[in-house]
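This report refers to the structure that appears directly beneath it.
The values are calculated or read from the model by the stated rules, or taken from the named source; none is laboratory data. Given the structure is predicted, the values throughout are model-derived calculations rather than measurements. Quick reminder, even Gly has a Cβ in these numbers, built from the backbone with ideal geometry, and neighbours come from all protein chains shown. Keep in mind that these areas ignore ligands, DNA and RNA; they rest on the heavy atoms of the full protein, side chains included. Shrake-Rupley method; radii C 1.70, N 1.55, O 1.52, S 1.80 Å.
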Amino acid sequence: MITTEFLPRDQFTQYGHWLKAQDPQTIHDYFGFAITPDAIDTLVEKFAKHSSKNRFLIAKKNGFWVGTIHIAVHEHAVEFGIIVGLQHRKQGIAYLMMDEALTWARNRFFDNLCMHCIYRNTAIKKLCRKHDLKVVNMLGDLEGSLILEPPTPVTFFKEQLKTSQQNWVKLLRLSHLIA
(Lines give C-alpha, C1' and ligand atoms only; values in the text may rest on other atoms or scores of the structure.)
Protein backbone atom coordinates (compact mmCIF):
# COMPACT_ATOMS: atom_id res chain seq x y z
CA MET A 1 0.00 0.00 0.00
CA ILE A 2 1.24 3.47 -0.92
CA THR A 3 0.86 6.17 1.71
CA THR A 4 1.79 9.82 1.53
CA GLU A 5 2.65 12.43 4.10
CA PHE A 6 4.26 15.83 4.29
CA LEU A 7 7.73 15.76 5.76
CA PRO A 8 7.98 17.76 9.00
CA ARG A 9 10.23 20.78 8.58
CA ASP A 10 12.69 19.54 11.19
CA GLN A 11 13.28 16.38 9.11
CA PHE A 12 14.35 17.90 5.77
CA THR A 13 17.73 16.17 6.03
CA GLN A 14 15.91 12.88 5.38
CA TYR A 15 15.08 14.21 1.92
CA GLY A 16 18.79 14.72 1.29
CA HIS A 17 19.61 11.19 2.46
CA TRP A 18 16.95 9.76 0.16
CA LEU A 19 18.15 11.83 -2.81
CA LYS A 20 21.73 10.66 -2.32
CA ALA A 21 20.53 7.04 -2.33
CA GLN A 22 19.05 7.38 -5.84
CA ASP A 23 20.86 6.11 -8.92
CA PRO A 24 22.95 8.61 -10.93
CA GLN A 25 20.56 8.64 -13.92
CA THR A 26 17.58 9.49 -11.69
CA ILE A 27 19.53 12.37 -10.15
CA HIS A 28 20.60 13.58 -13.59
CA ASP A 29 17.03 13.39 -14.90
CA TYR A 30 15.76 15.34 -11.89
CA PHE A 31 18.34 18.13 -11.79
CA GLY A 32 19.26 18.12 -15.48
CA PHE A 33 22.92 17.45 -14.63
CA ALA A 34 25.05 15.36 -12.29
CA ILE A 35 25.17 16.67 -8.75
CA THR A 36 27.48 15.66 -5.90
CA PRO A 37 26.37 14.52 -2.45
CA ASP A 38 27.92 17.70 -1.00
CA ALA A 39 25.84 19.81 -3.38
CA ILE A 40 22.71 17.93 -2.26
CA ASP A 41 23.62 18.67 1.37
CA THR A 42 24.02 22.37 0.55
CA LEU A 43 20.68 22.40 -1.25
CA VAL A 44 18.90 20.72 1.66
CA GLU A 45 20.48 23.19 4.10
CA LYS A 46 19.09 26.00 1.95
CA PHE A 47 15.64 24.37 2.01
CA ALA A 48 15.81 24.02 5.80
CA LYS A 49 16.91 27.64 6.21
CA HIS A 50 13.89 28.72 4.14
CA SER A 51 11.51 26.04 5.39
CA SER A 52 8.41 28.21 4.97
CA LYS A 53 9.12 28.27 1.22
CA ASN A 54 9.71 24.53 0.85
CA ARG A 55 7.53 21.48 1.46
CA PHE A 56 8.12 17.82 0.71
CA LEU A 57 5.38 15.32 0.02
CA ILE A 58 6.72 11.81 0.59
CA ALA A 59 5.28 8.60 -0.84
CA LYS A 60 5.99 5.44 1.12
CA LYS A 61 5.47 1.78 0.41
CA ASN A 62 5.61 -0.51 3.44
CA GLY A 63 7.14 2.36 5.40
CA PHE A 64 9.99 3.00 2.93
CA TRP A 65 10.30 6.12 0.78
CA VAL A 66 9.51 5.46 -2.88
CA GLY A 67 8.95 9.00 -4.17
CA THR A 68 8.93 12.69 -3.33
CA ILE A 69 7.59 16.00 -4.55
CA HIS A 70 9.51 19.09 -3.60
CA ILE A 71 7.08 22.01 -3.50
CA ALA A 72 8.81 25.37 -3.75
CA VAL A 73 6.62 28.35 -2.87
CA HIS A 74 6.99 31.60 -4.82
CA GLU A 75 4.47 34.22 -3.61
CA HIS A 76 1.25 33.10 -5.38
CA ALA A 77 2.82 30.25 -7.34
CA VAL A 78 4.31 26.84 -6.62
CA GLU A 79 6.93 24.79 -8.43
CA PHE A 80 6.93 21.00 -8.20
CA GLY A 81 9.90 18.69 -8.55
CA ILE A 82 8.98 14.99 -8.63
CA ILE A 83 11.13 11.90 -8.20
CA VAL A 84 10.05 8.28 -7.99
CA GLY A 85 12.70 5.70 -7.15
CA LEU A 86 13.78 3.61 -10.13
CA GLN A 87 12.36 0.31 -8.88
CA HIS A 88 8.96 1.88 -8.05
CA ARG A 89 8.10 3.55 -11.35
CA LYS A 90 5.05 2.80 -13.48
CA GLN A 91 2.91 2.10 -10.41
CA GLY A 92 0.96 5.37 -10.33
CA ILE A 93 3.02 6.83 -7.48
CA ALA A 94 3.86 10.10 -9.28
CA TYR A 95 0.22 10.49 -10.31
CA LEU A 96 -0.93 9.97 -6.72
CA MET A 97 1.59 12.48 -5.34
CA MET A 98 0.83 15.01 -8.07
CA ASP A 99 -2.90 14.79 -7.39
CA GLU A 100 -2.38 15.33 -3.66
CA ALA A 101 0.09 18.19 -4.16
CA LEU A 102 -2.27 19.94 -6.59
CA THR A 103 -5.09 19.73 -4.05
CA TRP A 104 -2.77 21.06 -1.34
CA ALA A 105 -1.73 24.00 -3.55
CA ARG A 106 -5.29 24.86 -4.57
CA ASN A 107 -6.47 24.75 -0.96
CA ARG A 108 -3.82 27.33 -0.05
CA PHE A 109 -4.97 29.65 -2.84
CA PHE A 110 -1.88 29.37 -5.04
CA ASP A 111 -2.85 30.34 -8.55
CA ASN A 112 0.01 29.06 -10.72
CA LEU A 113 2.04 25.86 -10.93
CA CYS A 114 5.19 25.24 -12.92
CA MET A 115 7.41 22.21 -13.40
CA HIS A 116 10.72 21.99 -15.23
CA CYS A 117 12.15 18.83 -16.73
CA ILE A 118 14.78 17.78 -19.19
CA TYR A 119 13.48 17.09 -22.67
CA ARG A 120 14.05 13.33 -22.65
CA ASN A 121 12.14 12.80 -19.37
CA THR A 122 9.08 11.32 -21.03
CA ALA A 123 7.51 10.17 -17.76
CA ILE A 124 7.31 13.73 -16.40
CA LYS A 125 6.04 15.04 -19.74
CA LYS A 126 3.29 12.41 -19.62
CA LEU A 127 2.48 13.28 -15.99
CA CYS A 128 2.23 16.98 -16.89
CA ARG A 129 -0.19 16.21 -19.72
CA LYS A 130 -2.33 13.94 -17.52
CA HIS A 131 -2.77 16.83 -15.10
CA ASP A 132 -3.44 19.40 -17.85
CA LEU A 133 -0.17 21.29 -17.56
CA LYS A 134 0.73 23.16 -20.71
CA VAL A 135 4.16 21.86 -21.74
CA VAL A 136 6.49 24.09 -23.78
CA ASN A 137 10.07 23.65 -24.99
CA MET A 138 12.42 26.05 -23.23
CA LEU A 139 15.79 25.91 -25.01
CA GLY A 140 15.97 22.12 -24.95
CA ASP A 141 14.28 21.61 -21.60
CA LEU A 142 10.59 21.62 -20.89
CA GLU A 143 8.42 23.70 -18.66
CA GLY A 144 4.94 22.66 -17.69
CA SER A 145 2.56 25.28 -16.37
CA LEU A 146 -0.96 25.33 -15.06
CA ILE A 147 -3.28 28.04 -13.80
CA LEU A 148 -4.70 26.57 -10.62
CA GLU A 149 -8.41 26.80 -10.02
CA PRO A 150 -9.54 28.23 -6.68
CA PRO A 151 -10.35 25.70 -3.98
CA THR A 152 -13.82 24.26 -3.68
CA PRO A 153 -15.65 22.46 -0.90
CA VAL A 154 -14.71 19.24 -2.73
CA THR A 155 -10.96 20.01 -2.65
CA PHE A 156 -11.14 20.90 1.04
CA PHE A 157 -13.05 17.68 1.75
CA LYS A 158 -10.56 15.66 -0.32
CA GLU A 159 -7.64 16.99 1.72
CA GLN A 160 -9.46 16.45 5.01
CA LEU A 161 -10.33 12.88 3.99
CA LYS A 162 -6.66 12.23 3.15
CA THR A 163 -5.59 13.57 6.55
CA SER A 164 -8.16 11.35 8.29
CA GLN A 165 -6.91 8.30 6.37
CA GLN A 166 -3.30 9.10 7.33
CA ASN A 167 -4.30 9.35 10.98
CA TRP A 168 -6.11 5.98 10.82
CA VAL A 169 -3.06 4.34 9.23
CA LYS A 170 -0.82 5.73 11.98
CA LEU A 171 -3.26 4.55 14.64
CA LEU A 172 -3.41 1.05 13.14
CA ARG A 173 0.39 0.84 13.01
CA LEU A 174 0.61 1.99 16.61
CA SER A 175 -1.98 -0.58 17.71
CA HIS A 176 0.10 -3.35 16.10
CA LEU A 177 3.16 -2.19 18.06
CA ILE A 178 1.23 -2.19 21.33
CA ALA A 179 -0.47 -5.57 20.79
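What the table shows:
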quantity	calculated
Residue that is farthest from Arg129 (Cα to Cα) [pool: residues in the range 87-96 that are part of a helix (DSSP H, G or I) and open to solvent by 60 Å² or more (accessible area, probe 1.4 Å)]	Gln87
Elements of type strands (runs of 3 or more DSSP E) in the range 97-168, at least 1 residues being surrounded by fewer than 15 Cβ atoms within 10 Å (Cβ to Cβ) and in contact (Cβ under 8 Å) with a residue 40 or more places away in the chain	141-147
Residue list for the range 46-73, restricted to those being over 21 Å from Arg106 (Cβ atoms), in a helix (DSSP H, G or I) and in contact with a strand residue (DSSP E or B) (Cβ under 6 Å, 6 or more places away or on another chain)	Phe47
The range 60-97, residues that are in contact with a helix residue (DSSP H, G or I) (Cβ under 8 Å, 6 or more places away or on another chain) and among the polar types (S, T, N, Q)	Thr68
Lone qualifier among Thr13, Thr3, Thr68 - being among the hydroxyl-bearing types (Ser, Thr, Tyr) and open to solvent by less than 10 Å² (accessible area, probe 1.4 Å)	Thr68
Residue count, the range 29-66 (criterion: within 16 Å of Cys117 (Cα to Cα) and free of Cβ contacts under 8 Å to residues at least 40 places away in the same chain)	4
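To keep it simple, each residue is scored yes or no on (1) on the phi > 0 side of the Ramachandran plot; (2) out of contact with any Leu (no Cβ under 9 Å at 6 or more places or on another chain); (3) assigned to a strand (DSSP E or B).
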| residue | (1), (2), (3) |
| --- | --- |
| Glu5 | no, no, yes |
| Thr13 | no, yes, no |
| Asp29 | no, yes, no |
| Val44 | no, no, no |
